[in-house]
Amino acid sequence: MLPLIFLAVVGLLLWKWLDIRSLDDLKTRFGTLLSGNGQHSLSNVFLVDEKSTRHGGELVASVLKAHGVQEIFTLCGGHISPILVASEKLGIKIIDTRHEVTTVFAADAVARLRQSIGVAAVTAGPGLTNTITAVKNAQMAESPILLIGGAAPTLLKGRGALQDIDQLVLFRPLCKYAARITRLRDIVPTLREALKAAVEGTPGPVFVEFPVDVLYPYQLVVKEIGFNPNAKGFIQQALNVYLRAHVSRQFGGAWDGDQDIVPLPTNIPRPKEDQLSQLVSLIRNAKKPVLLIGSQSVLPPVPAAELAAAVKALGIPTYLGGMARGLLGKESEIQMRQNRRDALKGADLTILAGTVCDFRLSYGRVLSKKSKIVTINRNSSQLTKNEKAFWNADVAMLADVGLTLTRAAEALKMNPPKFTEWIDELRTSENAKEAANLKKMDDKTADGHLNPLKFLAELDKTLSDDTILVADGGDFVGSAAYIVRPRGPLQWLDPGAFGTLGVGGGFALGAKTVYPDRPVVILWGDGSCGYSLMEFDTFTRHKLPVTAIVGNDACWSQIAREQVPMFGSRVAIDLARSPYDEVAAALGGYGVVVSKDSKETVEETMKKAFAENKAGHSALVNVHIGTTDFREGSISV
């Protein structure tokens, strides 16, 4: 009895292992083997076409093409070459960078600006580990990214092959979906599931690992797998059979014509009707509402322009953050930029639309205890972060922000409430703060260099309405956020909640790839520019010219603001006024210094820089600035 049970279990496992679909399938596939026809009859069992020159990279490329992917950002490696070659043949643009972290930052920017998905492909081992910071940034920024990684051959997993590490254990905590391909027939369904996971619910990064032997053609894999052509002993012959069975199973059914490659349907959380009614009622009864809109608001399915129209129709004083900056244009009567803490203190209704009670809202401590609070978020953990500790939600809506706000605006369309007195009160405070900032622009800096506020104000005047701004820095970019205003929706790229330095080169590369005819301007601190300045080479090679502004104060000023007064030490915070402009020029771009001794105005300098862009050259403006007390007391930890 036991032998029969054992044989039945083995039979079932073999049935599953071979992916046999019917008795007729079984007869067909084992017919040649049982007849003893030829040493390669295992190929018939696994439905392998030994003469085919096709490879797994073609399957990857076909799925990406069917999902509307227009480019892959990469740094080359032998593990992933078949994917890159096949993708290029299908018309997918391949853009190679100088560091793997840039590939994911660039894919992140594409995902945000196209409101779709960005794709990066890197080689195994250090190629993948170099992306970890950018993947974590994408996770916290809720950007839908597909990261494709190479890997050691399946048979050599854990045996000391080149760059063979446990990659899945590194990426599972960072990604919504992580999988390893071991058979070619699994490539299509796995990628479809990964791409669905990336955009569904709360978007985020996904990771698929491809061992090198599932990407190259059959004959090459057979050649490299290690057959012993002179096998004589039983062990050696058995090993040959095992290797043949392994590679045949890998390629079995790889080119079945019935695999669907189109995108899978996705689910986006929609507002519940009872909660939507509560929100509408609260808005209608409010006297002093405040709306805080975060990056999540510009996720699909609601187009940014439609969301902007809904927010304007609501007429609620609004503060914009992250990717939502610019949603209401450069100037809007309801958009406030200053004194947010005071506005929240006086509000009787606070709507957190994709805004999270983390460090940016002092964990919720800045919210008024007297205010009704509505929070809207796709992510359940972000929806009520730090609730009960410092704040309490009256309505917590697990729903898409854009869908919720547009539905609320539609419900209030016939009889919209007016908040004229409250807007006037906030606008008066806003204007007073703006006037104070204007006065600071005329202050002399302690070291005699340019006042950064004055430079930024003059820079703002030179930007066209279609400019995309990339924010990558600490103190200089923190100041710019108050002064340099995005002209429209999806025209401001910053790292998000992770506060990552080094996004500049990658974000700019992604932005210029999506909008090759629009100006892309990086706002760099002199510290942060060091992370990706080498990507000027990438901009040059791929004819994607951008303009970078470096606020060069020879210091990590964001850290200095706390460290020096607190500890009386400047250890590790001083830099040099390095000629970053010369580096840009050496990499095929144009570089210029702006200092207190410059004869040209900021407008003239920027006009030349943008002219270089139009001529196909990236430009770097190295601005020698001094320190001010504008952001005194700002946090750095």
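Cβ-Cβ contacts under 6 Å between residues 6 or more apart (or on different chains), taken from a first residue in segment 122-135 that is of a type outside the set (V, I, T) to a second residue that is at pLDDT below 95 and not in a strand (DSSP E or B), are listed as A124/H79; A124/Q163; G125/Q163; G125/I165; G127/G77; L128/Q167.
For segment 39-79, give me the residue count where each residue is in a loop (DSSP other than H, G, I, E, B), modelled with pLDDT under 95 and β-branched (V, I, T). Break it down into steps so the answer makes sense when it comes.
Keep residues of segment 39-79 that are in a loop (DSSP other than H, G, I, E, B), which gives 39-41, 46-55, 67-70, 76-79.
With the extra rule that they be modelled with pLDDT under 95, the set shrinks to 39-41, 46-55, 76-79.
In the following step, the residues that additionally are β-branched (V, I, T) were identified as 48, 53.
Here the count works out to 2.
For segment 305-342, residues that are of a type in the set (S, T, Y) and in a loop (DSSP other than H, G, I, E, B) total 1. One residue stands out among those in segment 502-522 that are farther than 16 Å from T102 by Cα and of a type in the set (D, E, K, R): the one that is surrounded by the most Cβ atoms within 10 Å (Cβ to Cβ), which is R518.
Would you mention how many residues in segment 236-255 are under 34 Å from the mean Cα position of the chain (by Cα) and farther than 15 Å from L215 by Cα? Can you show your working first?
We begin by selecting, within segment 236-255, every residue under 34 Å from the mean Cα position of the chain (by Cα); these are 250-251, 254-255.
Next, from what is left, pick out any that are farther than 15 Å from L215 by Cα: none.
Residues that pass the stated criteria total 0.
The rows are residues; the columns are (1) at pLDDT 95 or above; (2) polar (S, T, N, Q).
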site	(1), (2)
V262	no, no
I268	no, no
P271	yes, no
I283	yes, no
K287	yes, no
L291	yes, no
S295	no, yes
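Report whether or not A560 is assigned to a helix (DSSP H, G or I), within 29 Å of the chain's Cα centre (by Cα) and either modelled with pLDDT of 95 or more or more than 17 Å from L523 (Cα to Cα) (or both). Considered against the rule, which asks whether it is assigned to a helix (DSSP H, G or I), within 29 Å of the chain's Cα centre (by Cα) and either modelled with pLDDT of 95 or more or more than 17 Å from L523 (Cα to Cα) (or both), A560 comes out as no. Output yes when any residue across segment 178-191 is in contact with a Leu (Cβ under 8 Å, 6 or more places away or on another chain), buried (at least 22 other Cβ atoms within 10 Å of the Cβ) and in a strand (DSSP E or B), and no when none is. Within segment 178-191, one or more residues are in contact with a Leu (Cβ under 8 Å, 6 or more places away or on another chain), buried (at least 22 other Cβ atoms within 10 Å of the Cβ) and in a strand (DSSP E or B).
To keep it simple, each residue is scored yes or no on (1) in a loop (DSSP other than H, G, I, E, B); (2) surrounded by fewer than 24 Cβ atoms within 10 Å (Cβ to Cβ).
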position	(1), (2)
W524	no, no
T538	no, no
V564	no, yes
S578	yes, yes
V592	no, yes
E604	no, yes
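Of the residues that make up segment 90-107, is at least one outside any strand (DSSP E or B), of a type in the set (K, R) and without any contact (Cβ under 8 Å) to a residue 40 or more places away in the chain? No, every residue in segment 90-107 fails to be outside any strand (DSSP E or B), of a type in the set (K, R) and without any contact (Cβ under 8 Å) to a residue 40 or more places away in the chain.
Among the residues of segment 169-199, write down those that are farther than 19 Å from G253 by Cβ and modelled with pLDDT under 95. Explain how you work it out, then say what you get.
If we filter segment 169-199 for residues that are farther than 19 Å from G253 by Cβ, which is where we start, we get 169-178, 194-199.
The answer is none; no residue qualifies.
Considering segment 200-285, the qualifying helices (runs of 4 or more DSSP H), each wholly inside and each with 3 or more residues that are charged (D, E, K, R), run over 273-285.
The values are calculated or read from the model by the stated rules, or taken from the named source; none is laboratory data. Computed from a prediction, not measured in an experiment: that's the story for all the values here. As a convention, Cβ positions derive from the backbone with ideal geometry for all residues, glycine included, and neighbour counts pool all protein chains shown.
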